[in-house]
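Undergrad: Pasting in a structure now, in structure tokens, and then I'll have a few things to ask.
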Amino acid sequence: MFRPCARLLLLPSVQPQSMKMTLLLAGVTLVSTFGSSFQYGYNVSVINSPAVFMQDFYNQTYLDRKGVPMESNFQMLLWSLTVSMFPLGGFFGSLMVGPLVNKCGRKGTLLINNIFSIVPAILMGTSEVAKTFEVIILSRIIVGICAGLSSNVVPMYLGEMSPKNLRGAIGVVPQLFITVGILVAQILGLTNILGNLEGKWMSSLIGHLVICLSVAGWPVLLGLTGIPAVVELLLLPFFPESPRYLLIQKGNEEQARQGTAAAA
């Protein structure tokens, strides 16, 4: 009597040596890594470039509320919290991985995880308009939870979706997108782009029309982290769940066969 996982390995459609990179496998790799791993790298780096402008915003907001400037020690404390809340959120996110992937599945966890990116993106993007720096600190811990979940779930999901002969190559893609996220955050954080106070006038030529956009600088830079999450939220439902989860956790051998065949 074979165990369920052993029966799955004996199916001709899932023999590792017969499986090659498919459009579906490439698609699920790109969508999950851009929607999750990219955000991890982006949020690691995005806070660095606009630090001076954000600290001025903290001080100005405090001045408007209290009528006196913020003390330098208190300002440094608030900024330290802003930076350190991200890894703290990552710690909590990592603790949530086990229960979520077993209850909601690998793909389901990634879809739920987008909430921890879209909500703080909106909060950080509107923080200057709302004249509140507290939501930035809160948002950093929430987006840290997103990073903690994605850094564990994406490699798990792709590893279970990939054939044995491609598992190593696909396994490095999340790390690649983390570094790409860091690079993009550094580029967008340049003073001439979004790493500024009031933003710059940018124009783009579409046909014969010139569209001018006034951007608000660093709040937009922080809020852009929600875009990959929206892309993943829209596209990932079209890809199959992990066959291992379907077979072992859910006991659904037929769906596991279908998911494995789709990725083959």
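The values are calculated or read from the model by the stated rules, or taken from the named source; none is laboratory data. No experiment lies behind these values; they were computed from the predicted model shown. Heads up, the Cβs are rebuilt from the backbone with ideal geometry, glycines too, and the neighbour counts pull from every protein chain shown. Accessible surface areas use protein heavy atoms only, side chains included; no ligands, DNA or RNA. Shrake-Rupley method; radii C 1.70, N 1.55, O 1.52, S 1.80 Å.
Undergrad: Taking the residues in segment 66-108 that are charged (D, E, K, R) and closer than 17 Å to residue 244 by Cβ as candidates, determine which candidate is least open to solvent (accessible area, probe 1.4 Å). Working first, answer last.
TA: First pass over segment 66-108, keeping only residues charged (D, E, K, R): 66, 71, 103, 106-107.
Retained after the next criterion (residues that are closer than 17 Å to residue 244 by Cβ): 103, 106-107.
Numbers: 103: 160, 106: 8, 107: 34 Å².
So, considering only residues that are charged (D, E, K, R) and closer than 17 Å to residue 244 by Cβ, the one least open to solvent (accessible area, probe 1.4 Å) is 106.
Undergrad: Tell me the helices (runs of 4 or more DSSP H) entirely within segment 1-78 that contain at least 1 residues that are in contact with a Leu (Cβ under 8 Å, 6 or more places away or on another chain) and at pLDDT 90 or above.
TA: On the way: elements: 4-9, 23-32, 38-45, 51-66.
Hits in segment 1-78: 23-32, 38-45, 51-66.
Undergrad: Looking only at residues that are in a helix (DSSP H, G or I) and farther than 22 Å from residue 114 by Cβ in segment 153-170, which one is most open to solvent (accessible area, probe 1.4 Å)?
TA: 164
Undergrad: Please state which one of 187, 122, 115, 142 is surrounded by 17 or more Cβ atoms within 10 Å (Cβ to Cβ) and not small (Gly, Ala, Ser). Let's see the steps before the verdict.
TA: Details: 187 fails: surrounded by 17 or more Cβ atoms within 10 Å (Cβ to Cβ); 122 fails: surrounded by 17 or more Cβ atoms within 10 Å (Cβ to Cβ); 115 fails: surrounded by 17 or more Cβ atoms within 10 Å (Cβ to Cβ).
Result: 142 is the single residue among 187, 122, 115, 142 that is surrounded by 17 or more Cβ atoms within 10 Å (Cβ to Cβ) and not small (Gly, Ala, Ser).
Undergrad: What are the residue pairs meeting all of these: first residue in segment 103-117, first residue part of a loop (DSSP other than H, G, I, E, B), second residue acidic (Asp, Glu), Cβ atoms under 9 Å, and 6 or more apart or on different chains?
TA: Pairs that qualify, where the first residue is part of a loop (DSSP other than H, G, I, E, B) and the partner is acidic (Asp, Glu), are 105/241; 114/232.
Undergrad: I need a count of the residues in segment 217-226 that are of a type in the set (Val, Ile, Thr) and either over 15 Å from the mean Cα position of the chain (by Cα) or over 20 Å from residue 109 (Cβ atoms) (or both).
TA: At the first step, the residues of segment 217-226 found to be of a type in the set (Val, Ile, Thr) are 220, 225.
Those left that are additionally either over 15 Å from the mean Cα position of the chain (by Cα) or over 20 Å from residue 109 (Cβ atoms) (or both): 220.
So the answer is 1.
Undergrad: Considering each residue of segment 171-190, count those that are part of a helix (DSSP H, G or I) and within 24 Å of residue 53 (Cα to Cα), and give that number. Show your work before the answer.
TA: Narrowing segment 171-190 to residues part of a helix (DSSP H, G or I): 171, 173-188.
With within 24 Å of residue 53 (Cα to Cα) added as a condition, the list becomes 181-188.
Residues that pass the stated criteria total 8.
Undergrad: Take the residues in segment 191-223 that are under 22 Å from residue 129 (Cα atoms), in a loop (DSSP other than H, G, I, E, B) and open to solvent by 50 Å² or more (accessible area, probe 1.4 Å); name whichever of them is modelled with the lowest pLDDT. Quick ask: steps written out before the conclusion?
TA: The first filter runs over segment 191-223 and keeps only residues under 22 Å from residue 129 (Cα atoms), leaving 191-202, 212-223.
Filter once more, so that each one left must be in a loop (DSSP other than H, G, I, E, B): 191-200, 215-217.
Going one step further and asking which of them are open to solvent by 50 Å² or more (accessible area, probe 1.4 Å), we end up with 191-192, 197-198, 200.
Details: 191: 80, 192: 81, 197: 65, 198: 60, 200: 50.
For segment 191-223, the residue satisfying everything is 200.
Undergrad: Now a separate question. Name the residue, out of 55, 39, that is more than 24 Å from the chain's Cα centre (by Cα) and either closer than 19 Å to residue 138 by Cβ or small (Gly, Ala, Ser) (or both).
TA: Numbers: 39 fails: more than 24 Å from the chain's Cα centre (by Cα).
Answer to the check: 55.
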